[in-house]
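Asker: My questions will all concern the structure given below.
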Amino acid sequence: MIDENPTPFRQFMYPPGHPRIDDLKGLDAYEYREVAKTPGTFTGGLIAGWEPLYLNDFTGITADGQVIDGLYPLTPADPGEEAPVADMLSAAEALFAACSADEAEKLRYPVDAVEWQTWANPEFMQFDTGLRLEFASEQVQQAALGLVRASLSDEGFALTHSMMLINGFLGEVVGLENILGEFSYNFAVYGTPDLRAPWGWQLYGHHCAVNCLVVEGRMTISPVFHGAEPNEIDAGPHAGLRSFDDRVDAGTDLIACMSESQRAEAVIYEQIVDPAMPEGRIHPGDERHLAGAFQDNRVIPYEGVRVGALDARAQEAVVDLVGTFLRILPEGPRRAKVREVRNHLNESYFSWIGGTEPGDVFYYRFQSPVLLVELDHHCGVFLDYDVPQRFHVHTLMRVPNGNDYGRAWVRQWQRSRT
């Protein structure tokens with residue numbers, strides 16, 4: 001369901017000549033990277049806060065600081081749950097063939113490289129991992145998209161590419177095509193593409209980050225960040241494109257089918273910016289998100305209502321909500337992940353911040369031992385508003401307890417070969 005009266009993002013555009021926009025005009029990605037580090041600026045403050053988290057030894061997100069062992073046994077994919085590895089191999093070969101020797105070398109990393117952890121979703125580059133697609137040839141750009149397309153479901157590729165298209169649209173709208181473009185993204189390949197051995201790829205940049213790994217026919221896609229400001233394109237060749245209505249509606253449908261007491265338990269703060277929140281609960285960049293970039297080892301305690309305490313109808317609404325995030329996976333791996341999530345529903349929690357009436361802005365989180373997803377409505381970055389709006393949406397997906405980047409599987413694979 002699309003809002004009958006969506007907030008018109010164009011009323012929040014900065015006026016011509018405003019320094020928020022004009023100060024960035026003419027900078028390329030590498031020049032802006034240096035400007036963004038300036039102490040005392042908004043971006044400089046974000047970077048200073050994230051720097052201590054860069055490239056730490058990977059543990060994984062946990063609920064209490066202790067990784068739950070045995071959640072991700074490395075066994076070959078069950079029949080009907082296989083990843084499209086053969087198609088991915090062909091697409092990876094096409095990508096390498098499109099690259100020069102120097103590009104192919106820059107593109108590749110070991111499968112367990114710490115560079116997996118360099119992804120980020122702001123528009124300024126913090127790590128120049130892999131190839132910067134905006135400076136690559138169209139052939140390389142399309143080949144990289146070809147590998148993404150071969151790996152994801154049709155819906156997953158469409159959503160991922162939509163984030164890139166909306167980013168380019170935003171650049172056109174605000175006059176910053178130099179740093180907000182369809183291909184203002186980095187792309188890297190980890191490991192040697194193979195039918196059985198672990199390997200994968202990474203795409204990241206403004207409002208879009210996808211990490212994909214396959215091994216023994218199995219697939220995990222995490223961390224994943226999809227976001228948009230605005231969440232629609234209202235002009236040009238892609239006019240009519242919208243994103244996240246399914247995830248927003250799944251949240252409101254779920255909260256509506258809870259009993260009054262269950263809803264009271266799920267809603268941990270009644271306002272999107274609540275005076276009852278402790279200091280630091282709202283991050284200047286992530287806002288209410290807890291599992292964003294550089295949070296690979298964060299301890300995130302369970303909050304809200306236990307899913308196992310909900311009635312059958314509400315539990316199915318939870319599965320439906322989770323399904324809007326898992327659509328990124330191709331059919332086989334998606335089936336495997338849904339089964340895994342269902343097996344842990346009794347240990348899962350759902351929490352909510354903000355209003356529960358139609359049109360309200362809000363945040364929600366589903367958290368289980370094997371999956372964490374978040375959705376949040378955000379304040380303006382390239383549009384001028386300081387109260388969260390429904391047209392600025394951030395969403396995240398993580399695999400807690402050590403299997404972001406498929407790391408639990410990779411470590412098991414490596415131990416089995418020693």
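The values are calculated or read from the model by the stated rules, or taken from the named source; none is laboratory data. Note that the structure is a prediction, hence the values are computed from the model and not measured. No Cβ is skipped: glycine too gets one built from the backbone with ideal geometry, and neighbour counts run over all protein chains shown. In case anyone asks, the SASA skips ligands and DNA or RNA and just uses the protein heavy atoms, side chains included. Shrake-Rupley method; radii C 1.70, N 1.55, O 1.52, S 1.80 Å.
Asker: Can you tell me which residues in the range 51-103 are out of contact with any Pro (no Cβ under 8 Å at 6 or more places or on another chain) and aliphatic (A, V, I, L, M)?
Answerer: Of everything in the range 51-103, those that are out of contact with any Pro (no Cβ under 8 Å at 6 or more places or on another chain) and aliphatic (A, V, I, L, M) turn out to be 53, 55, 67, 74, 85, 86, 91, 94, 95, 97, 98, 101.
Asker: Also, I was wondering about something else. Mind counting the residues in the range 399-418 that are touching a strand residue (DSSP E or B) at 6+ places or on another chain (Cβ under 7 Å) and either open to solvent by 50 Å² or more (accessible area, probe 1.4 Å) or not aliphatic (A, V, I, L, M) (or both)?
Answerer: Going through the range 399-418 one residue at a time, the tally reaches 8.
Asker: Out of the range 70-95, which residues are over 23 Å from the mean Cα position of the chain (by Cα) and of a type in the set (Gly, Ala, Ser)?
Answerer: 70, 77, 80, 86, 90, 94
Asker: For residue 181, indicate whether it is of a type in the set (Gly, Ala, Ser) and open to solvent by 10 Å² or more (accessible area, probe 1.4 Å). Walk me through it before giving the result.
Answerer: Values: of a type in the set (Gly, Ala, Ser): yes; open to solvent by 10 Å² or more (accessible area, probe 1.4 Å): yes.
Judged against the criteria, residue 181 is a match.
For every residue, the table says whether it meets (1) closer than 26 Å to residue 301 by Cβ; (2) at pLDDT 95 or above.
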site: 5; (1), (2): no, no
site: 14; (1), (2): no, yes
site: 24; (1), (2): no, yes
site: 27; (1), (2): no, yes
site: 30; (1), (2): no, yes
site: 38; (1), (2): no, yes
site: 56; (1), (2): yes, yes
site: 61; (1), (2): yes, yes
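Asker: Residues 292, 285: which one is out of contact with any helix residue (DSSP H, G or I) (no Cβ under 9 Å at 6 or more places or on another chain), within 30 Å of residue 205 (Cβ to Cβ) and surrounded by 17 or more Cβ atoms within 10 Å (Cβ to Cβ)? Lay out the reasoning, then the answer.
Answerer: Working: 285 fails: out of contact with any helix residue (DSSP H, G or I) (no Cβ under 9 Å at 6 or more places or on another chain).
So the residue among 292, 285 that is out of contact with any helix residue (DSSP H, G or I) (no Cβ under 9 Å at 6 or more places or on another chain), within 30 Å of residue 205 (Cβ to Cβ) and surrounded by 17 or more Cβ atoms within 10 Å (Cβ to Cβ) is 292.
Asker: Only one residue in 120, 158 is in contact (Cβ under 8 Å) with a residue 24 or more places away in the chain and either open to solvent by less than 10 Å² (accessible area, probe 1.4 Å) or hydrophobic (A, V, I, L, M, F, W, C) (or both), so which one is that?
Answerer: Numbers: 158 fails: in contact (Cβ under 8 Å) with a residue 24 or more places away in the chain.
Just a single option satisfies the conditions, and that option is 120.
Asker: Moving on. Only residues that are open to solvent by 70 Å² or more (accessible area, probe 1.4 Å) and either free of Cβ contacts under 8 Å to residues at least 12 places away in the same chain or among the polar types (S, T, N, Q) (or both): list them for the range 71-89, please.
Answerer: 79
Asker: Could you identify the single residue in 339, 306, 263, 313 that is charged (D, E, K, R) and within 29 Å of residue 204 (Cα to Cα)? It would help to see each step written out before you state the result.
Answerer: Working: 306 fails: within 29 Å of residue 204 (Cα to Cα); 263 fails: within 29 Å of residue 204 (Cα to Cα); 313 fails: within 29 Å of residue 204 (Cα to Cα).
On inspection, the qualifying residue turns out to be 339.
Asker: Against the conditions (1) open to solvent by less than 20 Å² (accessible area, probe 1.4 Å); (2) free of Cβ contacts under 8 Å to residues at least 60 places away in the same chain, where does residue 66 fall short? Just the number, please.
Answerer: Unmet for residue 66, out of (1) open to solvent by less than 20 Å² (accessible area, probe 1.4 Å); (2) free of Cβ contacts under 8 Å to residues at least 60 places away in the same chain: (1).
Asker: Oh, and also: Check off (1) at pLDDT below 95; (2) of a type in the set (D, E, K, R); (3) under 18 Å from residue 248 (Cα atoms) for residue 417 and give me the number that stays unchecked.
Answerer: The number of the failed condition is (3).
Asker: Let me ask something additional. Would you be able to tell me the number of residues in the range 134-153 that are open to solvent by less than 20 Å² (accessible area, probe 1.4 Å) and either modelled with pLDDT under 95 or not aliphatic (A, V, I, L, M) (or both)?
Answerer: The number of residues fulfilling the criteria is 2.
Asker: Quick one: which strands (runs of 3 or more DSSP E) sit completely within the range 296-398 and have at least 2 residues that are touching a Gly at 6+ places or on another chain (Cβ under 7 Å), open to solvent by less than 40 Å² (accessible area, probe 1.4 Å) and of a type in the set (Phe, Trp, Tyr)? Please lay out each step first, then the result.
Answerer: Details: elements: 349-354, 362-367, 372-377, 393-398.
Result: 349-354, 362-367.
Asker: Restricting to the range 20-57, what's the tally of residues that are among the aromatic types (Phe, Trp, Tyr) and surrounded by fewer than 17 Cβ atoms within 10 Å (Cβ to Cβ)?
Answerer: Step one: filter the range 20-57 for residues among the aromatic types (Phe, Trp, Tyr), giving 30, 32, 42, 50, 54.
Those still in the list that are surrounded by fewer than 17 Cβ atoms within 10 Å (Cβ to Cβ) too: 30, 42, 54.
Matching residues across the range 20-57 total 3.
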